[in-house]
1. Would you confirm, using the coordinates I've provided, whether F221 is in a helix (DSSP H, G or I), among the aromatic types (F, W, Y), modelled with pLDDT of 85 or more and open to solvent by less than 50 Å² (accessible area, probe 1.4 Å)?
2. Return the residue satisfying two criteria in turn: it lies in segment 201-213 and is surrounded by 15 or more Cβ atoms within 10 Å (Cβ to Cβ) and not acidic (D, E), and of such residues it is farthest from R123 (Cα to Cα).
3. What's the total number of residues in segment 100-118 that are touching a residue at least 60 places away in the same chain (Cβ under 8 Å) and under 14 Å from A148 (Cβ atoms)?
4. If you check V182 against the conditions, is it assigned to a loop (DSSP other than H, G, I, E, B), farther than 28 Å from D277 by Cα and in contact with an Asp or Glu (Cβ under 7 Å, 6 or more places away or on another chain)?
5. Among the residues of segment 250-286, which ones are surrounded by fewer than 20 Cβ atoms within 10 Å (Cβ to Cβ), assigned to a helix (DSSP H, G or I), modelled with pLDDT of 95 or more and out of contact with any Phe, Trp or Tyr (no Cβ under 9 Å at 6 or more places or on another chain)?
6. State yes or no: is K226 out of contact with any Phe, Trp or Tyr (no Cβ under 7 Å at 6 or more places or on another chain), under 21 Å from A63 (Cα atoms) and not acidic (D, E)?
7. I want to confirm something. Restricting to segment 161-175 and keeping residues that are surrounded by 10 or more Cβ atoms within 10 Å (Cβ to Cβ) and without any contact (Cβ under 8 Å) to a residue 40 or more places away in the chain, which single residue is farthest from G142 (Cα to Cα)?
Amino acid sequence: MTEGNWEHDILEKLALAAVKEQRRARRWGIFFKLLGFAYLTLILLMVLDWRAQDGLTSGKHTALVDIVGVIEPKGDASADRVMASLQSAFDDKNTQGVVLRINSPGGSPVQAGIIYDEIVRLRRLHPDTPMHAVVEDMCASGGYYIAAAADKIYVDKASIIGSIGVIMDGWGVTGAMGKLGVERRVLVSGENKAFLDPFSPVDPKQKQHAQSMLDQIHQQFIDVVKKGRGKRLKDDPDLFSGLLWTGAKSIELGLSDGFGSVEYVARDVIKAEDIVDYTQKENLAERFAKRFGAAMAGAAAKVLASQFSVR
C-alpha cells in the first residue's frame, strides 16, 4: 500500500462496512414487519373462522360428521376429534338427524371402540335423533366397527365394506442373521419381556398368547356388529373372516341397508335437506400458523445466516 492511497483504502472499507450494516438492518426490519403482519393476519383468521362456525346452526338441519382416513390417536379421525364433533352435532337443538360419512380403511380398535361407545351414550341421551352412516369409498375394519352403531348404513354399489377381523403383523430376520453370522444378544427381566422379538425364533407360548388376544378383540368386534345389525345379518360363514365386499354385495349380506348419499339421507330419510358439517377440523388459523410458521422459520434461518456468515 502506497502512502498516498491508505486514506482512500480506509474510507472505502468504512463505506463498505456501512453499506453492509444498512443491509443487515433492512433485513431485520423486513423480518419483524412480516412477523407483525403474520400475527395480525392470524388474529383476523381466528375471528373470521369463529364467526363462520358461530353462524352455522340457524335452522332445522341434518348434522354431518366425517370420519376420513386412518383411525388413530393423532389423526383427523382420532377419537377426541370425532367425539367432539358428535357431541356438538347431537347437542344442537336444531339437529333433526346425524349422518356419519365414512371413508376409512380402519385403524386402532381402541380408538374405534371409544367412538362407538360415545355414539351409544349420545344416542341414549338423544333417543329422538336418528343417526345413519353413509359409506363413500371404503368402510373397513374399525370404520365398520363405528358404522355398526348407526340406525342404517347406506353405501354406493362400488363402496368397499367389511374386513371384520383383527391383525397383528411383524417380521422375522433370524434366517438372514444366521447367514450373516449375526448373533442376537438381549437381556430381560421377565421371561416374556422380549415378546415376539423379530430377532429371535418364534416362541410357541408367546404366539399362542398373541393369538388369544387377537381372538378376544375379534370377538368384541363380532359382538358389536351383531348387536348393531341384528337380524339383518345373513348367515354366511365368511361374514367375520376379514373379507371385503362391494357395497352391492354388502346389502345382500345385511352389512348395509341400501344405496344412498349424504344428500339423499338428509333429504329423503331424515327430511332435513340443509346439511351442517360439524366435523372438527384444523381451522384456518391453525393451517395458516403451520404453513406460515414453516415459512418464517426458513426466512429467519436465512436472515440469521446472513448476519453470521463469513464474508
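1. Yes.
2. Out of the qualifying residues, it is Q206.
3. 3
4. Considered against the rule, which asks whether it is assigned to a loop (DSSP other than H, G, I, E, B), farther than 28 Å from D277 by Cα and in contact with an Asp or Glu (Cβ under 7 Å, 6 or more places away or on another chain), V182 comes out as no.
5. E263, R267, D268
6. So K226 fails the test.
7. T174
Residue-wise test of (1) open to solvent by 30 Å² or more (accessible area, probe 1.4 Å); (2) within 25 Å of S261 (Cα to Cα); (3) at pLDDT 95 or above.
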residue	(1), (2), (3)
A18	yes, no, no
E21	yes, no, no
W28	yes, no, no
F37	yes, no, no
W50	yes, no, no
S58	yes, yes, no
M83	yes, yes, yes
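The values are calculated or read from the model by the stated rules, or taken from the named source; none is laboratory data. If you're wondering where the values come from, they're calculated on a predicted model, not measured in any experiment. Neighbour counts are summed over all protein chains in view; Cβ atoms, including those assigned to glycine, are modelled from backbone coordinates with ideal geometry. Protein only, heavy atoms only, side chains kept; ligands, DNA and RNA dropped before computing areas. Shrake-Rupley method; radii C 1.70, N 1.55, O 1.52, S 1.80 Å.
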